[in-house]
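Asks: This is the structure, below, for whatever I ask next.
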Amino acid sequence: MYPIELVKVSKSFPAVEKGEKDLLILDQIDLAVEDGVSTAIIGKSGSGKSTLLQIAGGLDKPVSGQVFCSGTDFATLSDRDKSYQRNRHIGFIFQANLLLEDFSALENVMSPALIAGKTEKECRDRAVMLLERTGLKERMNHYPAQLSGGEKQRVAICRALMNDPDVILADEPTGALDEENASAVEDLLIELAGTEKKSLLLVTHNNDFASRCDKVYLLKNRKLTLLKDEK
Ligand SMILES: Nc1ncnc2c1ncn2[C@@H]1O[C@H](COP(=O)(O)OP(=O)(O)OP(=O)(O)O)[C@@H](O)[C@H]1O
Ligand SMILES: [Mg+2]
């Protein structure tokens, strides 16, 4: 059983122009995100990386094939159960960090655990620990508008780790940052995935960042090709 497994996943979007054929983006993709293994997907803009990641996280549906999250086929779950499955097993980090603007850094990090029904104290203790580990001790009570881009991404990483997920799905997590901040966030993500023994599925344009993962795939012409396998 894998934290995430895609079996013969295809995805097309309906044509935007009337009378045109559907646009096939992913063609019978197989991908297993293994326990404790970091996997990167690289590929040109428009190749379907974000689409693949959304499908892997159950945020979008394939037109055919199956997606298993810790052994459960997403297609068999109601929307509510899917949210529950995601909340328990998956941490998401996106390019735009999507923090809740009206909540402090601490409250943002606590939110997935509050949703999961943990006590306020449990949530607070773990959130504080994560924020301290990521160097944000002095920034916990800041609102997103009072944080730098790099700090916001660190908050997003803490939030993704909050429920101790099996797997972190990250879509261009450093895409909006300058070089210095990007490399600090890269270091943190790779280090935390390692020490916390998380699986990581990372989508990035940055080949150096990708090469720090155990496995690297290229998404091209709707198919995945394995470029590196050090596991
Ligand atoms: N809802 C949609 N309807 C129609 N086409 C779509 C839709 N969403 C995405 N596409 C198309 O699917 C293709 C893949 O998009 P996707 O966002 O997955 O690419 P990407 O590899 O993540 O690109 P980038 O590196 O620029 O983020 C693109 O050509 C895009 O135009
Ligand atoms: Mg994308």
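Yes/no matrix, rows are residues, columns are (1) within 16 Å of ligand 2 (Cβ to nearest atom); (2) touching a strand residue (DSSP E or B) at 6+ places or on another chain (Cβ under 6 Å); (3) part of a loop (DSSP other than H, G, I, E, B):
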site	(1), (2), (3)
G91	no, yes, no
L114	no, no, no
C123	no, no, no
E132	no, no, no
G135	no, no, yes
H142	no, no, yes
G150	no, no, no
P165	no, yes, yes
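Asks: Let me ask another. Every residue in region 195-218 that is among the hydroxyl-bearing types (S, T, Y) and either surrounded by 22 or more Cβ atoms within 10 Å (Cβ to Cβ) or under 15 Å from the mean Cα position of the chain (by Cα) (or both), please.
Replies: Within region 195-218, S199, T204, Y217 meet the criteria.
Asks: Quick one: count up the residues across region 16-53 that are closer than 13 Å to I4 by Cβ, within 15 Å of ligand 1 (Cβ to nearest atom) and of a type in the set (S, T, N, Q).
Replies: Count: 0.
Asks: Please indicate, with yes or no, whether at least one residue in region 191-204 is touching a Lys or Arg at 6+ places or on another chain (Cβ under 8 Å) and assigned to a loop (DSSP other than H, G, I, E, B).
Replies: No, because not a single residue in region 191-204 is touching a Lys or Arg at 6+ places or on another chain (Cβ under 8 Å) and assigned to a loop (DSSP other than H, G, I, E, B).
Asks: Can you tell me which condition L52 does not meet? The list is (1) within 16 Å of ligand 2 (Cβ to nearest atom); (2) within 24 Å of G117 (Cα to Cα), and all the others hold.
Replies: (2)
Asks: Among the numbered conditions (1) in a loop (DSSP other than H, G, I, E, B); (2) in contact with a helix residue (DSSP H, G or I) (Cβ under 8 Å, 6 or more places away or on another chain); (3) closer than 21 Å to H89 by Cβ, tell me where A170 comes up short.
Replies: Exception for A170: condition (1).
Asks: So, one more: Search region 33-53 for residues that are part of a loop (DSSP other than H, G, I, E, B) and pair each with any residue that is near ligand 1 (Cβ under 6 Å from one of its atoms) and not polar (S, T, N, Q) when their beta-carbon atoms are under 6 Å apart and the residues are at least 6 apart or on different chains.
Replies: These pairs meet every condition: G43/K49; G48/I25.
Only the coordinates and a few stated rules stand behind these numbers; no lab work does. Note that this is a predicted model, so its numbers are computed, not measured. Every residue, glycine as well, gets a Cβ built from its backbone with ideal geometry; the counts of neighbours run over all protein chains shown.
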